[in-house]
1. Using a basic spin-label model with each label point 7 Å from the Cα along Cα→Cβ, how many nm lie between B:S194 and B:Q11?
2. Using square roots of five times the C-alpha gyration tensor eigenvalues, list the equivalent-ellipsoid semi-axes of region A:150-201 in whole Å, biggest first.
3. In nm, what does the list of distances from A:N21 to its counterparts in the other copies look like, shortest first, when each label sits 7 Å along Cα to Cβ?
4. Counting Lys and Arg as +1 and Asp and Glu as -1, what is the net charge of the other residues whose Cβ lies under 10 Å from the Cβ of A:V229?
5. Count neighbours as other Cβ atoms within 10 Å of each site's Cβ, and list the trypsin sites (Lys or Arg not before Pro) in region B:85-120 that are DSSP loop with at most 13 such neighbours.
6. Semi-axes of the equivalent ellipsoid of chain B: what are they in whole Å, largest first, if each equals the square root of 5 times a C-alpha gyration tensor eigenvalue?
7. Restricting to DSSP H runs of at least four residues, report the calculated mean residue ellipticity at 222 nm for chain A, -39500 (n - 2.57) per run over all residues, nearest 500 deg cm²/dmol.
8. Which trypsin sites (Lys or Arg not before Pro) does region B:128-215 hold that lie in a coil by DSSP with at most 12 other beta carbons within 10 Å?
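Read the figures in this text as sums done on the coordinates, not as results from a lab. Since this is a predicted model, take the numbers as computed values, not measurements. Using ideal geometry, Cβ is built from the backbone for each residue, glycine included, and neighbour counts are taken over all protein chains shown.
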There are 2 protein chains.
Amino acid sequence: MTRDIEARKQQASAWFAELQNRLIAALEAIEGEGGDCYGAWPAGAFEIKDWRRGDGSADLGGGRMAMLRGRIFEKAGVHTSTVYGELSAEFRKQVPGAEEDPRFWASGISLIVHPRNPHVPAAHMNTRMIVTTKCWFGGGGDLNPMMDRYRLAAHEDTLDFHTAMRSACDRHDPAYYPRYKKWCDEYFYLPHRSEHRGVGGIFYDRHDSGSWDADFAFTRDVGRAFLDVYPRLVRRRVSAPWTEEDRAEQLFRRGRYAEYNLLYDRGTTFGLKTGGNIESILSSLPPLATWP
Amino acid sequence: MTRDIEARKQQASAWFAELQNRLIAALEAIEGEGGDCYGAWPAGAFEIKDWRRGDGSADLGGGRMAMLRGRIFEKAGVHTSTVYGELSAEFRKQVPGAEEDPRFWASGISLIVHPRNPHVPAAHMNTRMIVTTKCWFGGGGDLNPMMDRYRLAAHEDTLDFHTAMRSACDRHDPAYYPRYKKWCDEYFYLPHRSEHRGVGGIFYDRHDSGSWDADFAFTRDVGRAFLDVYPRLVRRRVSAPWTEEDRAEQLFRRGRYAEYNLLYDRGTTFGLKTGGNIESILSSLPPLATWP
């Protein structure tokens with residue numbers, strides 16, 4: 001069992017690293033293709049930065065940040081991390097399986113993309129494996145179109161994104177998609193604005209079906225589904241010309257995105273309180289935003 | 001005593017309304033003067049909007065928002081509100097004097113100014129009177145220069161601003177300024193960035209010296225000091241030409257300002273949780289900000 005869990009940690013973190021490489025390659029390919037709206041603007045490339053957690057006196061894990069500031073992708077981050085150690089007394093009460101034993105291990109990947117073209121939706125994807133005395137997966141993917149005319153359940157981009165997330169779910173359990181779609185709608189919601197952050201997708205946490213192999217396969221399928229669908233949506237819109245009004249609407253919507261992440265996102269507030277890597281946690285914030 | 005407190009509420013809210021009018025006049029005068037950097041851009045004017053709290057089924061008070069989106073002042077808000085009712089069970093534990101009796105009354109003014117010119121410091125000022133079974137004042141003023149070369153304790157703008165705040169304090173008690181300056185430094189601090197929001201000023205809460213008359217006079221002096229010093233600082237810098245790099249630095253600093261207000265500011269988070277006026281609470285957010 002101990003040997004099992006170590007092998008599983010290894011497999012999961014190797015998958016997150018592989019998915020990071022694939023996502024980087026997919027986004028850089030689009031960045032390289034350019035489009036009608038970008039003129040002589042040169043293509044950007046991801047910058048990779050490895051970081052270690054803590055002050056160096058103990059091995060607490062670390063991560064790999066990859067940031068692209070380009071022409072198609074005004075700001076995109078694809079980060080992995082594998083961290084471990086002991087949870088503080090405060091957090092032991094909040095984390096399943098940690099009250100008996102403070103040791104934890106967590107590995108995951110998170111992606112956030114803010115395209116320059118207001119027609120191209122922003123997107124967020126994250127999957128992770130957590131180990132305390134229990135072991136589970138969490139994650140999801142959600143689409144964040146920037147203009148109201150795209151922020152519709154019946155829009156083709158929304159439909160395609162949901163179809164991809166549903167397919168990843170349905171291969172494992174037909175109950176997953178309805179449950180995790182609903183969770184996503186509830187989670188990415190700004191109560192003070194009475195509005196959703198985007199058009200949803202799926203969100204799940206504490207996912208443990210009883211079969212680690214099945215749950216890991218589900219996690220991989222969520223990542224692969226995102227890798228398949230999001231580049232298609234970007235290519236569909238990348239050459240659509242935009243107006244100043246479109247850009248203004250995008251910057252306004254990005255303000256709401258920043259509000260959500262700073263006021264409500266548990267990943268952000270948890271990360272800031274537990275001494276996570278500030279640079280990667282806050283890399284989700286939009287490159288330019290307005291509160292007019 | 002009951003008659004006393006009603007008269008005091010009346011006096012305080014009348015003062016906040018008067019100060020709002022004076023601040024509006026002072027900022028509109030500067031906006032009208034223009035400056036060397038604003039070309040043919042027309043002067044802006046404050047838009048006034050009155051609002052009532054709640055759904056109209058009971059009188060819970062309300063407020064007056066005043067927003068200027070202009071040439072000198074890219075975004076400025078000067079708001080007053082006088083609200084009352086009963087605190088929820090959750091908040092009764094957190095508010096002094098409310099455990100015995102949930103009724104509260106609160107009146108105050110808050111100002112936030114985001115100038116367009118990166119040389120001109122942003123500023124925040126707020127004073128308020130709160131009544132439960134206890135009665136106290138809170139507030140302060142702090143200066144938020146946008147460029148690092150101004151973010152210095154020894155810079156003349158910082159010195160002038162602190163001199164003004166110190167004078168308002170010293171007229172009442174020489175112990176106030178050191179205590180409330182320190183509180184300001186501690187309050188307007190971003191722990192995840194290990195940096196202060198601005199160059200400080202004063203911050204105080206639960207201020208009750210035992211003499212309401214003295215405390216109300218102190219509150220008025222803080223408002224008058226701000227009204228005197230901030231327009232002087234604006235006029236000193238308003239015609240200083242700026243570069244694209246200066247503007248980029250300003251927008252970067254505004255990103256940090258937004259982080260502070262959404263992650264830490266108790267006024268903001270308290271207001272959002274207690275069904276305050278979202279529009280006026282979040283009007284503090286900068287008109288344009290970057291997270292590059």
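1. Result: 4.8 nm between the two label points.
2. Equivalent-ellipsoid dimensions as semi-axes: 21, 14, 6 Å.
3. Here the equivalent label points are 7.2 nm apart from this one.
4. Taking every Cβ under 10 Å from that of A:V229, the sum is -1.
5. Here the trypsin sites (Lys or Arg not before Pro) that fit, given the DSSP loop and packing criteria, are B:K93.
6. 31, 21, 19
7. -13500 deg cm²/dmol
8. The qualifying sites are B:R149.
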